[in-house]
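What follows is a single structure, written as structure tokens, with notes after it.
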Amino acid sequence: MKKVCVLPGDGIGPEVIECAVKVLNAASDQLEFVQADIGQAEYRKSGTHLSRDTLDLMKSCDSSLFGAVTTSSSPDYESPVLRFRKELNLYVNLRPVKTLVHLPQRPPLDVVIVRENSEGMYTQQEQYDDKGVTTLRRVTREASDRIVRYAIDYARKNGRRKVTCVHKANVLRASDGLFLSIFRELMSSEGSGLEASEQLVDSAAMKLVTDPAEFDVIVTLNLYGDILSDVAAGVAGGLGFAPSGNLGPKYSVFEPAHGSAPDIAGKGIANPTAAILAAALMLRHIGLPKEGQAVERAVSEFYSSGHLTSDLGGRHGSVSFTEHVLKNLGR
Ligand code: ATP
């Protein structure tokens with residue numbers, strides 16, 4: 001049996017995670033679930049958005065499935081997402097985005113964004129002085145090396161043909177320059193058989209919208225990966241379409257790339273596609289690849305048979321979408 005820690009969180013998190021757990025239960029009888037609070041519910045209970053007990057529980061499981069948390073405006077707020085990424089050493093953020101439904105004016109895309117998940121602009125070190133604020137942006141050899149190696153390895157294992165390094169080394173010559181030079185070195189020593197390409201982040205953002213077929217696997221720094229994966233999600237239909245996996249040498253946490261979307265919480269209209277595809281990524285990661293593939297197929301069948309979710313103007317909310325996916329799974 002594989003043990004999964006379920007962390008529904010805030011806003012639409014619990015709604016989409018409930019759908020994903022139903023699908024997981026239907027896809028495999030090899031799973032057992034433990035549930036824990038994260039975000040506002042945990043804060044009300046213990047005064048922290050992510051407790052030490054929950055981190056220990058996550059460590060004791062084969063993987064975790066997380067919904068979303070609402071960012072608090074309080075000055076002492078510490079993001080539980082950044083905390084679990086750091087404490088569990090989840091240095092890869094894997095964000096595959098694929099067109100499931102063909103929309104007018106949006107070219108089809110199938111891109112995997114491998115985002116550096118441990119440093120860059122996310123050091124959370126910001127200092128005020130009398131003129132303003134200085135933010136520390138850190139790029140190390142070690143973190144750049146391991147993320148580029150991961151991207152190359154991912155491309156190879158998943159039959160991908162091309163890896164594109166997205167950067168801004170024309171301006172950030174030292175930091176992005178280091179990332180780019182490590183990419184060049186590793187692609188020439190480890191990337192045989194794969195096409196290497198390079199793209200400035202601004203033009204990559206445009207091309208993701210106008211000519212996404214240009215991209216296959218993208219490897220990039222933390223903030224660029226965060227932004228570009230939302231751009232890719234937008235091209236594919238919206239934030240409800242982008243799953244994500246936080247991966248490290250020992251632990252993993254899977255989540256939809258979207259946030260808690262308080263504007264639509266409680267209305268039954270959140271699209272659970274991203275959460276269910278994140279669950280499928282988790283199945284693949286914990287050694288249940290056939291089950292993961294079956295879930296992906298069941299989701300894809302929903303769209304290919306002409307149905308639409310309410311975020312795309314269709315009539316299917318979270319519950320009816322999930323019922324269709326369960327039916328496609330043969331349950
Ligand atoms: P947070 O503060 O938690 O990041 P947010 O609302 O600012 O929340 P997102 O949750 O990422 O940011 O979403 C932005 C908008 O995209 C939402 O307001 C919502 O309208 C839409 N959205 C996000 N996720 C979904 C989804 N799963 N289904 C439908 N619409 C979604």
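Looking across Val16, Val6, Val21, one residue alone is within 15 Å of the ligand (Cβ to nearest atom) and in contact with a strand residue (DSSP E or B) (Cβ under 9 Å, 6 or more places away or on another chain). It is Val16. Taking the stretch 276-312 as the range and being of a type in the set (Val, Ile, Thr) and touching a Ser or Thr at 6+ places or on another chain (Cβ under 8 Å) as the test, the residues that pass are Ile276, Ile286, Val299, Thr309.
Of Ile218, Ile227, all but one fail to be surrounded by 24 or more Cβ atoms within 10 Å (Cβ to Cβ), closer than 24 Å to Ser144 by Cα and not assigned by TED's automatic domain parsing to the domain that holds Leu65; the exception is Ile218.
The residues on offer are Arg95, Arg83, and the sole one that is within 20 Å of Pro256 (Cα to Cα), outside the structural domain of Glu291 (by TED's automatic domain parsing) and at pLDDT 95 or above is Arg95.
In the stretch 257-273, of all residues being more than 6 Å from the ligand (Cβ to nearest atom) and within 15 Å of Val97 (Cβ to Cβ), the one that is surrounded by the most Cβ atoms within 10 Å (Cβ to Cβ) corresponds to Thr273. Can you spot a residue in the stretch 24-34 that is among the acidic types (Asp, Glu) and surrounded by fewer than 19 Cβ atoms within 10 Å (Cβ to Cβ)? Yes, some residue in the stretch 24-34 is among the acidic types (Asp, Glu) and surrounded by fewer than 19 Cβ atoms within 10 Å (Cβ to Cβ).
Candidates are the residues of the stretch 114-132 that are in a strand (DSSP E or B) and closer than 14 Å to Ser175 by Cβ; the one that is farthest from the chain's Cα centre (by Cα) is Gly120.
Test of understanding: among Val69, Val81, which residue is touching a helix residue (DSSP H, G or I) at 6+ places or on another chain (Cβ under 6 Å) and surrounded by 14 or more Cβ atoms within 10 Å (Cβ to Cβ)?
Testing whether each residue is touching a helix residue (DSSP H, G or I) at 6+ places or on another chain (Cβ under 6 Å) and surrounded by 14 or more Cβ atoms within 10 Å (Cβ to Cβ) leaves just Val69.
In the stretch 240-266, the residues that are within 27 Å of Lys3 (Cβ to Cβ) form Cβ pairs under 7 Å with partners that are of a type in the set (Asp, Glu), at six or more places apart or across chains, as follows: Ser244/Glu255; Ser260/Asp10. Yes or no: Ser51 among the hydroxyl-bearing types (Ser, Thr, Tyr), in contact with a Cys (Cβ under 7 Å, 6 or more places away or on another chain) and either within 30 Å of Leu329 (Cα to Cα) or crowded, with 16+ Cβ neighbours inside 10 Å (or both)? In short, no. Restricting attention to the stretch 160-210, the residues that are charged (D, E, K, R) and either under 25 Å from Ala233 (Cα atoms) or touching a His at 6+ places or on another chain (Cβ under 7 Å) (or both) total 9.
When residues in the stretch 274-289 are screened for being closer than 14 Å to Ala26 by Cβ and more than 13 Å from the ligand (Cβ to nearest atom), 4 of them pass.
Name the residues in the stretch 303-331 that are outside any loop (DSSP other than H, G, I, E, B), farther than 19 Å from Gly234 by Cα, touching a residue at least 40 places away in the same chain (Cβ under 8 Å) and more than 12 Å from the ligand (Cβ to nearest atom), would you? Once the filter is applied, which keeps residues that are outside any loop (DSSP other than H, G, I, E, B), farther than 19 Å from Gly234 by Cα, touching a residue at least 40 places away in the same chain (Cβ under 8 Å) and more than 12 Å from the ligand (Cβ to nearest atom), the stretch 303-331 yields Val319, Thr322, Val325, Leu326.
For the stretch 232-256, name all the residues that are touching a helix residue (DSSP H, G or I) at 6+ places or on another chain (Cβ under 6 Å), assigned to a helix (DSSP H, G or I) and within 13 Å of the ligand (Cβ to nearest atom). Ala233, Leu239, Gly240, Phe241 - these are the residues of the stretch 232-256 that are touching a helix residue (DSSP H, G or I) at 6+ places or on another chain (Cβ under 6 Å), assigned to a helix (DSSP H, G or I) and within 13 Å of the ligand (Cβ to nearest atom). Put simply, of Ala174, Ala204 the only residue that is surrounded by 15 or more Cβ atoms within 10 Å (Cβ to Cβ), without any contact (Cβ under 8 Å) to a residue 60 or more places away in the chain and of a type outside the set (Lys, Arg) is Ala204.
For the condition surrounded by 12 or more Cβ atoms within 10 Å (Cβ to Cβ), farther than 24 Å from Val253 by Cα and at pLDDT 95 or above, Thr135 does not qualify.
The values are calculated or read from the model by the stated rules, or taken from the named source; none is laboratory data. Keep in mind it's a predicted model, so treat the numbers as computed, not measured. Because the Cβ atoms are built from the backbone with ideal geometry, glycine has one as well, and the counts that use them run over all protein chains shown.
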